[in-house]
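A quick write-up on the structure given underneath.
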Amino acid sequence: MNDFLLSILLGIVEGLTEFLPVSSTGHLRIVEALCHLNLHDSFWKMYTIVIQLGAILALPVYFWNRILKFLSTFPKGEGGDRNFLTHPLSLTMIAFVVTAVPAWALTKKIGENLESLWVIAIALLVGGIVMWIVDATFTRPRVTHMEEMSLPQAVWIGACQILSAVFPGTSRSMSTIAAGQIAGMSRPAALEFSFFLSMPTMVVATLYDLYKTLRPSRDTVSEGGIAPLVVNAHEWIVLAIGFVVSFIVALAVVAWFMNWVRRRGFAPFAVYRIVLGIVLLILLVRGVV
């Protein structure tokens with residue numbers, strides 16, 4: 001496939017799946033396997049990171065007004081009933097730290113699982129079942145707005161997000177949304193906090209991956225790191241296409257998903273995960289991927 005068309009395809013896949021509870025990592029790995037991309041190639045490693053940055057940019061653009069509102073009311077909150085530890089921005093960072101420390105400690109295991117389509121298939125299947133059960137069971141939320149969240153709820157959601165880091169295919173969105181619902185949050189509130197938590201989580205994780213790719217250690221240079229960085233004009237265009245496509249598609253998906261969740265539940269995404277997980281397991285058993 002032409003590199004430009006491939007970049008558009010991967011950018012669309014990243015933009016469509018990054019913030020839906022269906023696992024962008026799982027979908028990218030499946031598409032990369034079907035397209036026979038070399039995952040150890042340093043350029044395609046960097047390309048994956050670049051399109052993730054494009055998707056991340058969609059969140060601060062979409063939530064710009066909400067971010068400014070939270071910043072202007074810090075730390076007491078709009079109703080004056082918050083403090084330094086319970087303001088939404090503080091809860092977001094606390095949940096991020098709860099996720100980041102264990103995830104950093106488990107970096108080696110995470111790297112191993114990223115290479116395994118078996119792990120991704122099982123995570124898609126199990127995550128879909130869990131999401132369906134949670135969405136059908138926890139239907140009487142106590143918290144309907146992100147501003148009403150508590151510190152224990154943020155810690156709980158951050159802890160659950162670790163699953164998505166360790167087991168690719170679980171999905172950050174799925175783990176944080178389901179955790180929020182279990183903790184008594186409404187679907188829109190859980191989804192919005194999931195988006196806010198994605199910002200620091202994805203920025204730090206993606207920049208860390210970029211650092212490892214551009215400045216690998218002596219032991220990892222042979223594994224595909226770019227040292228020094230050598231990218232030709234053709235490759236810069238491929239990167240730019242993927243970044244722009246991923247950003248535009250992700251921005252549209254975030255806007256659509258917020259409106260969808262206000263009126264409907266997550267069951268269709270759970271069914272999709274289950275079907276995709278089963279199909280991937282069948283393909284793996286038959287040796288197709």
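The values are calculated or read from the model by the stated rules, or taken from the named source; none is laboratory data. The structure displayed is predicted, hence computed values, not measured ones. Glycine also receives a Cβ, built like all others from the backbone with ideal geometry; neighbour counts cover every protein chain displayed. Just the protein is used for accessible areas: all its heavy atoms, side chains included, with ligands, DNA and RNA removed. Shrake-Rupley method; radii C 1.70, N 1.55, O 1.52, S 1.80 Å.
This table checks each residue for (1) of a type in the set (A, V, I, L, M, F, W, C); (2) in contact with a Gly (Cβ under 9 Å, 6 or more places away or on another chain); (3) part of a helix (DSSP H, G or I).
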| position | (1), (2), (3) |
| --- | --- |
| Ser7 | no, yes, yes |
| Leu28 | yes, no, yes |
| Gly54 | no, yes, yes |
| Asn65 | no, no, yes |
| Phe70 | yes, yes, yes |
| Gly79 | no, no, no |
| Ser90 | no, no, yes |
| Ala95 | yes, yes, yes |
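Among the residues of segment 111-128, are any out of contact with any Asp or Glu (no Cβ under 6 Å at 6 or more places or on another chain), among the aromatic types (Phe, Trp, Tyr) and modelled with pLDDT under 95?
Looking for residues that are out of contact with any Asp or Glu (no Cβ under 6 Å at 6 or more places or on another chain), among the aromatic types (Phe, Trp, Tyr) and modelled with pLDDT under 95, one finds at least one in segment 111-128, hence yes.
Of all residues in segment 50-105, which are within 17 Å of Thr201 (Cα to Cα) and of a type in the set (Gly, Ala, Ser)?
Selection gives Gly54, Ala55, Ala58, Ser90, Ala95, Ala100, Ala103, Ala105.
With respect to Val253, determine if the residue is open to solvent by less than 50 Å² (accessible area, probe 1.4 Å) and over 15 Å from Ser171 (Cβ atoms).
no
Return only the number of the condition from (1) at pLDDT 85 or above; (2) under 12 Å from Ser42 (Cα atoms) that Gly225 does not satisfy.
(1)
Can you name the condition, by its number, that Tyr62 falls short on among (1) of a type outside the set (Gly, Ala, Ser); (2) at pLDDT 95 or above; (3) open to solvent by less than 40 Å² (accessible area, probe 1.4 Å)?
(3)
How about segment 143-202: which of its residues are touching a residue at least 40 places away in the same chain (Cβ under 8 Å), in a helix (DSSP H, G or I) and aromatic (Phe, Trp, Tyr)?
Once the filter is applied, which keeps residues that are touching a residue at least 40 places away in the same chain (Cβ under 8 Å), in a helix (DSSP H, G or I) and aromatic (Phe, Trp, Tyr), segment 143-202 yields Phe193, Phe195, Phe196.
Of everything in segment 1-29 that's aliphatic (A, V, I, L, M) and under 16 Å from the mean Cα position of the chain (by Cα), which residue is surrounded by the most Cβ atoms within 10 Å (Cβ to Cβ)?
So, considering only residues that are aliphatic (A, V, I, L, M) and under 16 Å from the mean Cα position of the chain (by Cα), the one surrounded by the most Cβ atoms within 10 Å (Cβ to Cβ) is Leu10.
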